Amino acid sequence: MDDRKLNIVILTDQLHKIGGINSLINIKANYWSTSKGHRIDIVTTEQEGEKTFYQFSQQVRFHDLGIDYDRNSSYFGHKNITKVFKNYWKLNKLLKSLQPDLVIIANHIPVTFFFPLLATSAKFLKEYHFTQFHRSKLRPTPMTRFEKFIEKYLDFKVVLNKEEKSFYTSGHIVHIPNPIPLNFMEKPALDMGTREKTAIAAGRYSPVKRFDLLLDIWKEFKKSDNQWNLEIYGGGTEGEVAILEGLINEYGIKDSVQLIAPVDNLMEVMQRKGLYLMTSIQECFPMVLLEAQSAGLPIIAFDCPTGPRNIIETGKTGCLIDMDDKVMFVSKLLELTKEEEKRVKLAENGFESVQKYLLGPVMDQWDEKILNLV
């Protein structure tokens, strides 16, 4: 075991919003700084003076470059191109003072395109939280070719499931799954009779999550049900919220559906609910499904590329529905809400299967596959 203390810099855009990537940065930064004694610096480009959504250890240090990209424009368009150069200059200056051993690019941000030009001897790692499934089917463009060229300079690539490894052809590619933020997990009460008859979903209000489709499914489900409610935990722009609220009113399901602001104790909330539903068009390795299983929630999810199928064993630890088969999704929802024993069995098996994603074992993989090689 390599016991060296490393200087690790994590690069991201912001930490003031709820989200899977921000949650994972929080988990890893806290673990490395408190349990391993590594020095952790997190560098953002657009924190906008806001507090972090998740609670960080006092040992973690923060630096915001104040770049403030226009998110509605291309990074290389006229509104952002000068900001890319500003990003490079300010980050280069900061890294000279921080002297990192390892720089982690935590998501798809502009530094992805210029990191080889930074004046540092640190090794570079990029995490890929999105699936390459759909992009792999498309004809290469000049930009995707450029991305593949730049990726060759990464010292490490980390993907979240084994299926994703097949989409990359160069460099040191390793598979490390997302961890659950616990070293020990107490088994939750799995008596579904004591839980609320409430199905939940969670995530940002964006097209990839397809909460509009979930509402359509719920509308059909409610034609045969008068007991269950749906809660969607998340947030988005005023426009995104208005679209969902409009559909709730149009479908006549206002009495059974709530849009709820993000919470920082979602796993605790889950332990009181009865089902978790996912209708995303794509998910690489959704941490929220691990959280649902750890909270004893049975899951119904579309078999979207490539994450759910790498977490759920259909019929045993959850229910995978063929993509866009809305009729089958509604049918399975009706079946499970009526049959408590099936929900309990799925919850029990899901809880057992999720043990391999506990924080300690997953972070040991980071040591073995990454940190001990830096």
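Brief remarks on what is shown
Residue-by-condition table, conditions (1) outside any loop (DSSP other than H, G, I, E, B); (2) surrounded by 14 or more Cβ atoms within 10 Å (Cβ to Cβ); (3) in contact with a strand residue (DSSP E or B) (Cβ under 6 Å, 6 or more places away or on another chain); (4) among the hydroxyl-bearing types (S, T, Y):
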residue	(1), (2), (3), (4)
N249	yes, no, no, no
E268	yes, no, no, no
I281	no, yes, no, no
Q293	yes, yes, no, no
G296	no, yes, no, no
F329	yes, yes, yes, no
K332	yes, yes, yes, no
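- A single member of T131, T198 is surrounded by 13 or more Cβ atoms within 10 Å (Cβ to Cβ), polar (S, T, N, Q) and under 19 Å from the mean Cα position of the chain (by Cα), and it is T131.
- Test: residue in the stretch 76-86 that is aliphatic (A, V, I, L, M), loosely packed, with under 12 Cβ neighbours inside 10 Å and over 20 Å from the mean Cα position of the chain (by Cα): no
- Residue within the stretch 339-359 that is hydrophobic (A, V, I, L, M, F, W, C), touching a strand residue (DSSP E or B) at 6+ places or on another chain (Cβ under 7 Å) and farther than 30 Å from L24 by Cα present: no
- Selection within the stretch 330-374 - under 19 Å from the mean Cα position of the chain (by Cα) and among the aliphatic types (A, V, I, L, M): V354, L358, L359, V362, M363
- So E196, is it more than 23 Å from Y357 (Cβ to Cβ) and not assigned by TED's automatic domain parsing to the domain that holds V103: yes
- In the stretch 131-149, the condition of being touching a strand residue (DSSP E or B) at 6+ places or on another chain (Cβ under 6 Å) and in the same structural domain as W366 (by TED's automatic domain parsing) is met by at least one residue.
- Residue in the stretch 357-364 that is in contact (Cβ under 8 Å) with a residue 12 or more places away in the chain, farther than 19 Å from P308 by Cβ and among the acidic types (D, E) present: no
- Hey, K90 basic (K, R), farther than 21 Å from V158 by Cβ and in the same structural domain as E127 (by TED's automatic domain parsing) or not: yes
Residue-wise test of (1) in contact (Cβ under 8 Å) with a residue 60 or more places away in the chain; (2) assigned to a loop (DSSP other than H, G, I, E, B); (3) surrounded by fewer than 14 Cβ atoms within 10 Å (Cβ to Cβ).
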| site | (1), (2), (3) |
| --- | --- |
| D13 | yes, yes, no |
| S23 | yes, no, no |
| I27 | yes, no, no |
| S33 | no, no, no |
| I40 | no, no, no |
| E46 | no, yes, no |
| Y54 | yes, yes, no |
| D68 | no, yes, no |
| K93 | no, no, yes |
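- Restricted to the stretch 283-297, and to residues there that are touching a Gly at 6+ places or on another chain (Cβ under 8 Å) and of a type outside the set (A, V, I, L, M), the residue that is nearest to Q227 (Cα to Cα) is G296.
Okay, residues lined up against (1) among the basic types (K, R); (2) farther than 24 Å from L190 by Cβ; (3) free of Cβ contacts under 8 Å to residues at least 60 places away in the same chain:
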| site | (1), (2), (3) |
| --- | --- |
| P207 | no, yes, no |
| L230 | no, no, yes |
| G246 | no, yes, yes |
| Q271 | no, no, no |
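- Flag for I105 being surrounded by 13 or more Cβ atoms within 10 Å (Cβ to Cβ) and either outside the structural domain of Q365 (by TED's automatic domain parsing) or in contact with a Lys or Arg (Cβ under 7 Å, 6 or more places away or on another chain) (or both): yes
- Residue in the stretch 251-266 that is modelled with the lowest pLDDT, counting only those that are exposed (fewer than 11 other Cβ atoms within 10 Å of the Cβ) and either closer than 30 Å to P181 by Cβ or under 27 Å from the mean Cα position of the chain (by Cα) (or both): N265
The values are calculated or read from the model by the stated rules, or taken from the named source; none is laboratory data. Computed from a predicted structure; not experimentally measured. As a convention, Cβ positions derive from the backbone with ideal geometry for all residues, glycine included, and neighbour counts pool all protein chains shown.
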